[in-house]
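Structure first, then comments.
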Amino acid sequence: MLKLIVQRLLFSVITLTIVAVVVFAMTDLLPGDWATAYFGKWATEEGLAAMREEYGLNRPATERFAEWVGNALRGDFGDSLTRKKPVVELIKFRLRNSLLLGGLASLVTIPLATLLGISAGLRRDRAPDAIISTGSIVGMSTPEFVIGTLLIWALSVGLGLFPSMTLGNPDAPIVDLLPNVVMPTMTLTIASTAYLLRMVRTITINVLTSEYVEMATLKGLPRARVVFRHALPNILLPTINIMALMLSGLLGGTFVVEVVFNYPGLGRALVDAVSFRDVPMIQAIALLWAVMYVFFNLGADLMTTFLDPRLRSLRG
Amino acid sequence: MSQKLLEVEGLTTGFRTQAGQVLQVLRNVSLEMQRGETLGLVGESGCGKTTFGMTLLGHLRPGGQVMAGSVRFEGVDLFGLGPDELAKIRGQRVAVIPQSASSALTPTMRVGEQIAEVLTLHLGLAGAELQERVLELLTRVHLPQVVELVRRFPHELSGGQLQRVAIAMGLAGKPELLVLDEPTTGLDVTTQAHILDLLREIQESTGTAMLYISHDMGAIARVCDRLAVMYAGEIVEDGAIDDVFADPVHPYTRGLLGSVPRLSYAGLPQAMAGRPPAPGEDAVGCAFVPRCAFADETCKTIDPALEATSRAGAIPHLVQCHHWQRVLASGASGQMRDLKARMEQDAEAEPLLELTEVDITYAKRGLAALVARWRNEPEPPTTVSGFTITIHRGETLALVGESGSGKSTIARTIAGLLPPRAGQIDFGGQDLASAVEGRPAEMHRKIQIIFQNPDASLNPRHTVKQILDAPLRLYFEMDGKGRLDRSGALLEEVRLTPRYLERHPGQMSGGEKQRVAVARAFAAEPDLVLCDEVTSALDVSVQAAVLELLAGLQANRGAAYLFISHDLAVVRAIADRVAVLYQGRICEVGPVAEIYAPPYHPYTETLLAAVPEPAPGARAQLLAKDVPEAEPPTRGCCFQRRCPRRIGSICDDEAPPSQFVAEGHIIRCHIPLADLGESQVDLISPAEIATQGAVVDGK
C-alpha cells in the first residue's frame, strides 16, 4: 500500500512538472512577451525595454523557467503586474473564498446527488425516477447564469433574503461573507447535482441489473440488505472518481457564478488577470488549478484502491 | 403430504414490447418434479431454459410477466406470494446455482460472508456456530484451506473454486430443490468433471431435487435421472434419461442428440438444419415444423399436445409430436459420418508453417523489464516454451489443453500480435518472427483468423457486404462489381444466400454470424487459418454444421487449419494431428487416431477421462486434481504437480524425454511406453454406439 502511495505521488510530481512546463511555455512562447502583452497597442520602445530589464525578460527561457519554478516551490510567484503586489497575497483570500463556496456546494451536492441518483435508479422508469431525471435534465441544460439570475429575482428581489452581490473586499472575514455565499452555493449545487445524479443513476441501474444483485435477491435476502450490502459499495466505488473531478472543478472557482454574484473568488481573479495580461497571476492560478486536479484525482485513486478489494489485491 | 415437490401447470410467460406487442417466452409449460428427483433441461440457447428455471424461484427478469398458469412448490403458487413470503422460500427451500459464479458473487464481499448471510437469514445462525457451519459447507464442496478461504474476495479464486463456493452458497439453506443454471459451462473439462461428481455426491447424500439446465448432454447424462427437452418455450419431450437417450421420439431431441460429437468416434455428427424461432415468431401449429423432416399438413395447423408414449416405466415418457410413432419407427438417427477425407501421414507433404523451439512470454518489456532486472527480480518461466511443430499444407493441426495452456498465445504469435522471445517461425520459406506491422501484405492475406465469438469479431455496424468487402479490397485488385459477385459467391460457399449481404450481424443467429466470419477469413484465400475456439460459443446443433463447413472448405481450398479447442470430441472429429499442451509445453503430439488410443500421456489421459460422454451411466474419471496452476514449474516435467502417475523426483528435476510411439507420435514422459499403454481410460467403442442405434432399429 505504502509503495503504491509513493509511486502515485511520484507520478503526480511528474504530471505537475509537465503542467508547469506547459503553463510557462504557453505564456512565454506565444508571440511577444509579458511586456508587449502588458502594454498592448500603447507599447513604446522605451517602455518595453524598461519592463524587460525590470523583469529580466532578456535572459534565456530555461533560466527564467528554473527561477520561476524555484521561487514557486518557495511559495513566491512574483508580483502582479497590475497591482504591484505579491501574487500570493492577492490569491490567498480569493482561494479561501473559492474553497468556501466550492466546499459548501460539494457538501450539499455529493450526498444529495448520490441519494437522488440511487433513488432514481432503484425506481427506474417509475414516477420518482421520471421526476428526478426530468429535473436533472432541466438543471443540466439551464445555464448557471440563468439559474443565478432566477435566484436573485426570487430570493433577493422578491423575498429579500440574501444580498444579490458581494460588495466587500476579498479579504473580508468569513462570517461577513456567509450571507453572500448562500445563493452562489445554491446555483452551483443545482448545476452539479443535476450532472452527478445522472451518473449515479446510470451506475445504479447497471449494478442493479448485474448478476450478483439478482443472485442476492434469489438467496431470499431482504431488499434492504441487497441494496445496502450488495449493491451500494459497487455503486459508490465508480462514483468516487467522478466526484473527484467535480470537486476540483468546484473548488478551483467557477467563473460564471462568481461574476453573476460578484463573488471574489479565483475564477474571477483569473479572468481579470487574463484581460489585464497579468502573466505572473495567470501562471500562478493555472498551476494552482493543476495542483488541485492532481491532488483530488490522486486522493480518489488511493481511496478506490483502498476500498475496492479487486484493486487492493491487484496493486498490493 | 403429497410426494410432488413441484407442479408447473400451463405456465405461459412473456414480455411486452415497446410497440405493445406481447412476445411469449414460455408457452403452456406443464411439468412435475418429485422429491429428490434430478431433472435435466436441454434445448438450444434462447429456448427459455433459464427463464423457466428462474420461475421455480418465483422470479422473472425485469419486463417479464406470467400470462397464464402457475408454479406450485409444495402446493403453494409462487407467483401468488408477496415479496416477504417469496424471500422465505428463496435460498431456503429453493436455491439457485448460477452459470457464472464469477459474475454472480458480489465482488466487494468476502466469500465467507456471502455464504454466512444465507445461514443467518434462513437458519438464524450466529457467532461461532455460524463460522463453523460456513467452514463445514466449504469443506463439503471439497475446497482446500477453508479457514483462509472465507476471508478471500471472489476475484481471488479460480473459476472452479468460485463455482464450488456458489454451490456451497446454494446448499447453505438446505434447500429441497436446487436450480442449476449451466453450472459448469465455461469451466475446463477436468474442473467440470470434478463439479459434476460433487453434484452427484450431494444429490445422493442430501436427497435434494435438482433441475439441471444445460446444453451439454454429457453433463446431463452424468447428473440426471430424467430429461426434459425444451424447444421454443415448450416442453417437447420428457422422460427417464435412459429412455430419451436410447430412443428419442421427438425429432428435435433426435436432432440434438445426433449433433453431439462423440469422443469415442472420429466422425462429424449430423448437423441440424434451421434455427429456433425467436419469441414472437409464433406460428400456428407445431413450432418445430420448419426444421422437421416428419412434418405434414396436420403439424402446420394443429398444435400437438404433450402425450404419453407407449413405453411403461417408473418415469412416464411424454412427447409433444403428432408423429412420434413414425419417428420411432424410422430407425436410428444421428449417424456419425466420417466426412473428412483424412490426410494420409505423408512424409512428402509440404510443410507450410514450422515453429522451432519457440518461447513466448508476457513478461515485462521495455522500462518495466529494466526496472525488474535492476531490482534483481527473478524472471518468470516463459508462458510457452520450446514449442516445436510443423503444419503441412492442407492439414488440420489441433491444439488442445485447459485454459491457460498457451493455445491462444501460440495463435497470437503466429498472427504476429505477440512477438516470440526466442525461436524460429518459418512460413513457406519466409521468416515470420516479425510482428504484424512488419509483415508484407501478402503474408497477412495468407494467414487469417477466425475468433471464438462472432459477436465480438464482426463489427455490429457493418453489413455483411461491408464485412466481406474489406479483405477483398485489401488483398485483391477488383472493381466494385467483382467484389460484390465474389462476396455473394463466398456466402454461397458458407451456405448462406446472397440475401444476407445487406444484413447486420445483429440480424443473424450465432451460427450465421460465425459463417460470415468464416467467409471473411476465406475471402483472403488464405493458406493457413487460425481457428480459435470457433465453435465454443455455438449451440451443438449449429456447431456440427460449422465443423462440416470448415471440413468442406478445406477439402476445396486446401487451406491448413490451426484448430484451437478445449473440446476433445470436436478435435477428434476435425483434426488430422493433435498437439496436447500443458502450461505452454507440448506433452504429446501425433496423428489423431494415435492420440485417442493408448498409450496416452498422463495429461491426455486425464483430459480424455474427464469428458462426460452423452450416454447414461457413463462416468467420468477424475485422474488429477483440479488445482489451478498460475505458472509452469521452473524445471522438470510441466505436469509434475498434477500428474496422477508421477513416478518420483525425476519428474520434478529432469525434463521428460521424447518417446517415439509411432510415425509422428511423440509422448514426453518419464514413464516407459509399455506402462503408459496400460490405460485406465476406456473410451466407449464405436461398436457400442452402433448398438445404441440398433436398439432404435429394433423397435
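The values are calculated or read from the model by the stated rules, or taken from the named source; none is laboratory data. Fair warning: this is a prediction, and the values are worked out from it, not measured in the lab. Ideal geometry is used to build each Cβ from the backbone, glycine not excepted, and the neighbour counts take in all protein chains shown.
Annotations for the structure displayed:
- Filtering the range B:445-470 to residues that are without any contact (Cβ under 8 Å) to a residue 40 or more places away in the chain and over 24 Å from the mean Cα position of the chain (by Cα) leaves B:Lys465, B:Gln466, B:Asp469.
- Residue among B:Ala271, B:Ala295, B:Ala278 that is under 26 Å from the mean Cα position of the chain (by Cα), of a type in the set (Gly, Ala, Ser), at negative phi and crowded, with 16+ Cβ neighbours inside 10 Å: B:Ala271
- Given (1) outside any strand (DSSP E or B); (2) under 30 Å from B:Arg499 (Cβ atoms); (3) not basic (Lys, Arg), number of the condition B:Gln448 does not satisfy: (1)
- Where helices (runs of 4 or more DSSP H) fall wholly inside the range A:192-304, the ranges with 3 or more residues that are surrounded by 18 or more Cβ atoms within 10 Å (Cβ to Cβ), without any contact (Cβ under 8 Å) to a residue 40 or more places away in the chain and within 14 Å of chain B (Cβ to nearest Cβ) are A:211-218.
- B:Phe79 being more than 10 Å from every other protein chain (Cβ to nearest Cβ), touching a helix residue (DSSP H, G or I) at 6+ places or on another chain (Cβ under 9 Å) and under 15 Å from B:Leu178 (Cα atoms): no
- Some residue of the range B:228-237 being part of a helix (DSSP H, G or I), crowded, with 24+ Cβ neighbours inside 10 Å and hydrophobic (A, V, I, L, M, F, W, C): no
- Test: A:Ser98 is over 30 Å from A:Pro264 (Cβ atoms) and crowded, with 18+ Cβ neighbours inside 10 Å: no
- The condition of being surrounded by fewer than 22 Cβ atoms within 10 Å (Cβ to Cβ) and touching a Ser or Thr at 6+ places or on another chain (Cβ under 6 Å) holds for only one of B:Glu9, B:Glu74, that being B:Glu9.
- If you check B:Arg164, B:Arg93, B:Arg151 for being of a type in the set (Lys, Arg) and exposed (fewer than 15 other Cβ atoms within 10 Å of the Cβ), only one passes: B:Arg151.
- Tally, over the range B:75-99, of residues that are touching an Asp or Glu at 6+ places or on another chain (Cβ under 7 Å) and among the polar types (S, T, N, Q): 1
- Just one residue in the set B:Gly69, B:Gly20, B:Gly58, B:Gly40 is more than 26 Å from the chain's Cα centre (by Cα), away from every other protein chain (no Cβ under 14 Å) and at pLDDT 90 or above; that residue is B:Gly69.
- Residues of the range B:301-348 that turn out to be surrounded by 15 or more Cβ atoms within 10 Å (Cβ to Cβ), at pLDDT 75 or above, out of contact with any Leu (no Cβ under 8 Å at 6 or more places or on another chain) and not charged (D, E, K, R), as a count: 11
- Residues that are among the small types (Gly, Ala, Ser) and buried (at least 22 other Cβ atoms within 10 Å of the Cβ), drawn from the range B:522-544: B:Ala523, B:Ser541, B:Ala544
- Which listed residue is within 23 Å of B:Gly48 (Cα to Cα), of a type in the set (S, T, N, Q) and within 14 Å of chain A (Cβ to nearest Cβ), from B:Gln114, B:Gln99, B:Gln92: B:Gln99
- Of all residues in the range B:87-106, those being under 23 Å from A:Arg124 (Cα atoms) and in contact with a helix residue (DSSP H, G or I) (Cβ under 7 Å, 6 or more places away or on another chain) number 3.
- Taken over the range B:77-90, the criterion of being modelled with pLDDT under 90 and buried (at least 17 other Cβ atoms within 10 Å of the Cβ) is satisfied by no residue.
- Counting only helices (runs of 4 or more DSSP H) that fall entirely inside the range B:546-638 and contain at least 3 residues that are out of contact with any Pro (no Cβ under 6 Å at 6 or more places or on another chain) and more than 29 Å from B:Glu493 (Cα to Cα), the qualifying elements are B:592-595, B:602-610.
- Those residues of the range B:426-456 which are over 27 Å from B:Glu354 (Cα atoms) and either surrounded by 20 or more Cβ atoms within 10 Å (Cβ to Cβ) or among the aromatic types (Phe, Trp, Tyr) (or both), in sequence order: B:Pro454
- Condition met for B:Val134 (under 18 Å from A:Met215 (Cβ atoms), free of Cβ contacts under 8 Å to residues at least 60 places away in the same chain and away from chain A (no Cβ under 13 Å)): yes
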